[in-house]
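Encoded as structure tokens, the structure appears first; notes follow it.
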Amino acid sequence: MRGSAAIKIILYGILFVFILAGAEVSNIYHKAYSANIFTPGKKPYILYIPTGSSMEEVRTHLYDANLVKNRNTFEWVADRKHYAKHVNPGRYKIRNRMSNNDLVNMLRAGLQEPTSLVINNIRTPEDLAIKVAEQIEPDTAEILNLFNNKDYIESLGFTPYTILGMFIPNTYECWWNISAKGFFERMKKEYNRFWNMERTYKAERIKLTPNEVITLASIIENETSKTEEFRRIAGVYMNRLNKGIKLQADPTVKYALGDFSIKRVLKKHTEIDSPYNTYKVYGLPPGPICMPSVLAIDAVLNYEKHDYLYFCAKEDFSGTHNFARTLEQHNRNARLYQKALNRQRILK
């Protein structure tokens, strides 16, 4: 009888231990795997972790954004996984109802989401630095420092005049925490990819280097917003280049003056001494006057063959142009446009 009672006590003891163990396992499972991350509106939340951040800074960000329901369980999991020693910078997409385990694993492993870096409608390196710094971690100063580093620019195969041409307008996927140099090197790879065999062959066929093609495309980009005229205007400038006639492109004068608000280029404007003033210098300016679109670049490579040497904005302000073969025809078109400007009181 006593033996039977002892056995029962032992069995009850074992059962009790199993119950305690089960409860502990359930508690651990709940801490690690139950939903504990809740995002505003149940939509994905983007968490930015700057380079050099600490566990405390990440935790503060999560708590300030009210993403973590039970902070104790989150910190328990983070501590068990030694997250403090493995804080990786980046741009992370946090999904609604994530568990502590899922979140810590993602952050600890650096499983960040790429960002879509949009580059277009850029006029100067300063503009580019500002726009890019709004989309990736490096700030404007870091990016501008590279634009001003002549040795670094030359190592990429460019000059301070031509470096803007290395950046081809597009939307690129990259890591948010890419370095400034990493960004430049990525853009150099994209530039090399853009200038494939076909485009390189076309540039050679029209006797222009890729940088010269981009420079001419930048002028065309500023001449008209009508993309259907790109190839024809490119043909005018190619005819002038091939005949050794000055380009006399108004956008280059505005660039030289640093004033793109000018609506009417006057004779006094064309007298400025600048390598960008194509009313004074022959050939192309030393570099692009903006970051031209791919459409403009390809328009140069596939310019329209014709015998026009001049073009002038139409007097109806439609944004399109009258093209002329002779100076006499051009002067007639120019007078019509100048009269229209006078009627609108556009004097400068």
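Among the residues that make up the stretch 97-118, is at least one of them closer than 22 Å to residue 221 by Cα, out of contact with any Pro (no Cβ under 6 Å at 6 or more places or on another chain) and at pLDDT below 95?
Scanning the stretch 97-118, I find no residue that is closer than 22 Å to residue 221 by Cα, out of contact with any Pro (no Cβ under 6 Å at 6 or more places or on another chain) and at pLDDT below 95, so the answer is no.
Between 200, 159, which is part of a loop (DSSP other than H, G, I, E, B) and surrounded by fewer than 20 Cβ atoms within 10 Å (Cβ to Cβ)?
159
How many of the residues making up the stretch 234-259 are farther than 14 Å from residue 207 by Cβ and in a loop (DSSP other than H, G, I, E, B)?
The qualifying residues number 7.
For residue 257, state whether it is in contact with a Gly (Cβ under 9 Å, 6 or more places away or on another chain) and either modelled with pLDDT under 95 or closer than 25 Å to residue 191 by Cβ (or both).
No, not satisfied.
Please go through the stretch 148-167 and pick out each residue that is within 15 Å of residue 181 (Cβ to Cβ) and of a type in the set (A, V, I, L, M).
Passing the criteria: 153, 156, 163, 166.
Just to be sure I understand, how many residues within the stretch 116-144 are assigned to a helix (DSSP H, G or I) and surrounded by 15 or more Cβ atoms within 10 Å (Cβ to Cβ)?
Final tally of qualifying residues: 11.
(1) within 21 Å of residue 211 (Cβ to Cβ); (2) in a loop (DSSP other than H, G, I, E, B): which one isn't true of residue 297, the others all being true?
(2) is the only condition that residue 297 fails.
Check whether at least one residue in the stretch 321-328 is part of a helix (DSSP H, G or I) and modelled with pLDDT under 95, and report yes or no.
yes
Of everything in the stretch 32-89, what is exposed (fewer than 12 other Cβ atoms within 10 Å of the Cβ), charged (D, E, K, R) and more than 31 Å from the chain's Cα centre (by Cα)? Give them in sequence order.
56, 85, listed by residue number.
Considering only residues that are farther than 24 Å from residue 273 by Cα, among the acidic types (Asp, Glu) and without any contact (Cβ under 8 Å) to a residue 60 or more places away in the chain, which ones fall in the stretch 197-251?
198, 204, 228
Between 290, 312, which is closer than 30 Å to residue 118 by Cα and surrounded by 15 or more Cβ atoms within 10 Å (Cβ to Cβ)? Even if it seems obvious, please write down each step before you answer.
Working: 312 fails: closer than 30 Å to residue 118 by Cα.
Checking each option against the conditions leaves just 290.
Condition first: of a type in the set (D, E, K, R) and without any contact (Cβ under 8 Å) to a residue 40 or more places away in the chain. Now tell me which residues in the stretch 137-184 satisfy that. Spell out the reasoning first.
Restricting attention to the stretch 137-184, the residues satisfying the condition of being of a type in the set (D, E, K, R) are 137, 139, 142, 150-151, 154, 173, 181.
Within the stretch 137-184, 139, 142, 150, 151, 154, 181 meet the criteria.
Looking at the stretch 299-319, can you tell me whether even one residue there is of a type outside the set (Phe, Trp, Tyr), more than 22 Å from residue 226 (Cα to Cα) and at pLDDT 95 or above?
There is no residue in the stretch 299-319 that is of a type outside the set (Phe, Trp, Tyr), more than 22 Å from residue 226 (Cα to Cα) and at pLDDT 95 or above.
The values are calculated or read from the model by the stated rules, or taken from the named source; none is laboratory data. None of these values were measured; they are calculated from a predicted model. Ideal geometry is used to build each Cβ from the backbone, glycine not excepted, and the neighbour counts take in all protein chains shown.
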